[in-house]
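This report concerns only the one structure given below.
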Amino acid sequence: MMRGNRAQLSIFPAGLEAAAVAMSVGVDLTFNRVTYVGIFNDYIMAVALCIAGALLSVALDRRMALLVPLSGLSFLFPTAASSALLLALSWRTRVGSWVKWPVLAAASAGFGWSLMRIWGDPVNALAVPIDLLEQGLAPLVPALVVLSVVPAVLSDGKARGFYLPPWAPWAAALGVSVLPMLEQVGRGYVAPETVDWIYYYRALLHPTVGWFLLSRPAYIGLLYPFSKVFGAYEVSIAQFPFLALFYTFSAYYLAKSWKRDLALPAALLAAVSPMLLTFLYSGLQANLFSISVMFLALANLLKGRWKYAAGLSYLSLTSHVYAWAQLQGATLIYAAWKWWRGELDPKTRNYVLATSAPFVAGLALIGTGFYAVPLAPLNPLALYRSLEFQFAILSWGSANAFLYYIFVYLGNRKVPGLLASLYVSSVVAMFFVGTAQNLLIDLPLFVPVAAAMSELNRGLRNAVLLAMVSWALVMALASAP
């Protein structure tokens, strides 16, 4: 009985180390489209928390005695030392059912902030708990993203499902995409969410052959007739709710093609994901449409419908060449791996033969500089800082969702091989391409997150889901014009 109680208490040393990581660099919080950098930054307190966490871990288990001298390194390397101790403690941390109550409290405070933001002036303190839960460990996000490659390589494709109300994903998608617009209606003017809207506006008002049009001709062609009916400006700034619903549907269809019981959870987790939130404010509308189409292509490929998959792949290609190249390239790598092992099925082979030519041509255009691709810094420390900056600051920190990436790490060992290949290939590419955030948000991370959450007990799972919904609403409204 005493040993069981100590296991339940093991989360506290990990919590102290997590707080030490956060306080060693500070936390970045976004309110009203302003990101406040370095809040709660306290070097001395970070060192004290790091040492306290090590001492508490030894009090609970004497075998952890080595952590005490290691915690002394926090005087020189506060972030690195506390991060290393947090990683060591995570292997033996047990999450008790009581954890759902503080998670629910943070979620409730976040919902309260969102309601106050819609109705008037919010009390920003209400958003802090849910923001800390998701954004408090920004220095660890790049490392966690890279470490998640290991379970992806070892994935077995086995997962359980769980029930959600059929309306939940669509309500979440509309809430994240429409509420920021409705909040502005009282002003009598809905401001554009990103600076990129002007490019779509110009392309629809005066179509001109050039890089912008040639990199997404199908998507511009899709918007053009609507611009003639509703106006170029209106269509340019009102794309996102429709794209959010389409993205949610593509997540539903992709997960359903693998495991029907995970379709609704995956769709909900797509609607409240850091991927969709980053698309909301990054101005990558054609990119979002393209990957949604490609998810449908991958779903058909998983079902063996290679002709439908190939057709959708070409639609994705002509909607946004960069997004298509990433997902198509990873699919071809997966097919090559299967061929090398003598396991390539005829339908996947036919898909590869039907879609390889434009991929090779696209690589040639990228190589010649027609489609420019920024390169990552070669210095490892500069690369890590670049990754941390992209996740924590760009798009107001919408890609900085530590809780979400924890479940990516836990769920990657359960996804099918094709989706695991997408993740591994894209993470490897981050070391060479300067837009690491864009590579990550193009991935169907909602599938491993749904798979991992199926392992939680119902009470804790519902609390975590509500926390993710709460954070998504807070970020959507906090980053709105």
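The values are calculated or read from the model by the stated rules, or taken from the named source; none is laboratory data. Remember, predicted model here, so these are calculated numbers, not experimental data. Neighbour counts run over all protein chains shown; Cβ positions are idealised from the backbone, glycine included.
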Can you run down the residue pairs with Cβ atoms below 7 Å, 6 or more apart or on separate chains, where the first is in the stretch 350-361 and in the same structural domain as residue 304 (by TED's automatic domain parsing) and the partner is surrounded by fewer than 18 Cβ atoms within 10 Å (Cβ to Cβ) and not in a helix (DSSP H, G or I)? none
Checking residue 156 against (1) of a type in the set (D, E, K, R); (2) more than 21 Å from the chain's Cα centre (by Cα); (3) surrounded by 22 or more Cβ atoms within 10 Å (Cβ to Cβ): exactly one of these is not met. Which one? (3)
Pick from the stretch 149-175, criterion out of contact with any Phe, Trp or Tyr (no Cβ under 9 Å at 6 or more places or on another chain) and outside any loop (DSSP other than H, G, I, E, B), ranking: modelled with the lowest pLDDT: 153
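Condition (residue is within 26 Å of the chain's Cα centre (by Cα) and part of a helix (DSSP H, G or I)) applied to the stretch 341-360: is it met by at least one residue? I'd like the intermediate steps shown before the answer.
Initially, the stretch 341-360 is screened for residues within 26 Å of the chain's Cα centre (by Cα), giving 359.
From what is left, the residues that are part of a helix (DSSP H, G or I) are 359.
Yes.
Quick test for you: out of 407, 370, 359, pick the one residue that is at pLDDT 90 or above and either crowded, with 20+ Cβ neighbours inside 10 Å or of a type in the set (A, V, I, L, M, F, W, C) (or both).
Numbers: 370 fails: at pLDDT 90 or above; 359 fails: at pLDDT 90 or above.
That would be 407, the only listed residue that is at pLDDT 90 or above and either crowded, with 20+ Cβ neighbours inside 10 Å or of a type in the set (A, V, I, L, M, F, W, C) (or both).
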With the requirement that a residue be closer than 17 Å to residue 388 by Cβ and of a type outside the set (Gly, Ala, Ser), what does the stretch 64-87 give you? 77, 78, 79, 86, 87
Name every residue in the stretch 382-430 that is part of a loop (DSSP other than H, G, I, E, B) and under 14 Å from residue 151 (Cβ atoms), in order of residue number. 415, 416
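Conditions tested, residue by residue: (1) of a type in the set (A, V, I, L, M, F, W, C); (2) assigned to a loop (DSSP other than H, G, I, E, B); (3) surrounded by fewer than 22 Cβ atoms within 10 Å (Cβ to Cβ); (4) touching a helix residue (DSSP H, G or I) at 6+ places or on another chain (Cβ under 9 Å).
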position: 54; (1), (2), (3), (4): yes, no, no, yes
position: 84; (1), (2), (3), (4): yes, no, yes, yes
position: 102; (1), (2), (3), (4): no, no, yes, yes
position: 131; (1), (2), (3), (4): no, no, no, yes
position: 140; (1), (2), (3), (4): yes, no, no, yes
Which residue, of 218, 203, 244, is crowded, with 21+ Cβ neighbours inside 10 Å and modelled with pLDDT of 90 or more? 244
Conditions (1) at pLDDT below 80; (2) of a type in the set (S, T, N, Q); (3) not assigned by TED's automatic domain parsing to the domain that holds residue 33: number failed by residue 114: (1)
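For the stretch 265-280, which positions are part of a helix (DSSP H, G or I) and either under 11 Å from the mean Cα position of the chain (by Cα) or surrounded by fewer than 24 Cβ atoms within 10 Å (Cβ to Cβ) (or both)?
Residues of the stretch 265-280 part of a helix (DSSP H, G or I): 265-271, 274-280.
269, 270, 271, 274, 275, 276, 277, 278, 279 - these are the residues of the stretch 265-280 that are part of a helix (DSSP H, G or I) and either under 11 Å from the mean Cα position of the chain (by Cα) or surrounded by fewer than 24 Cβ atoms within 10 Å (Cβ to Cβ) (or both).
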Looking at residue 114, is it crowded, with 22+ Cβ neighbours inside 10 Å and more than 20 Å from residue 30 (Cα to Cα)? no
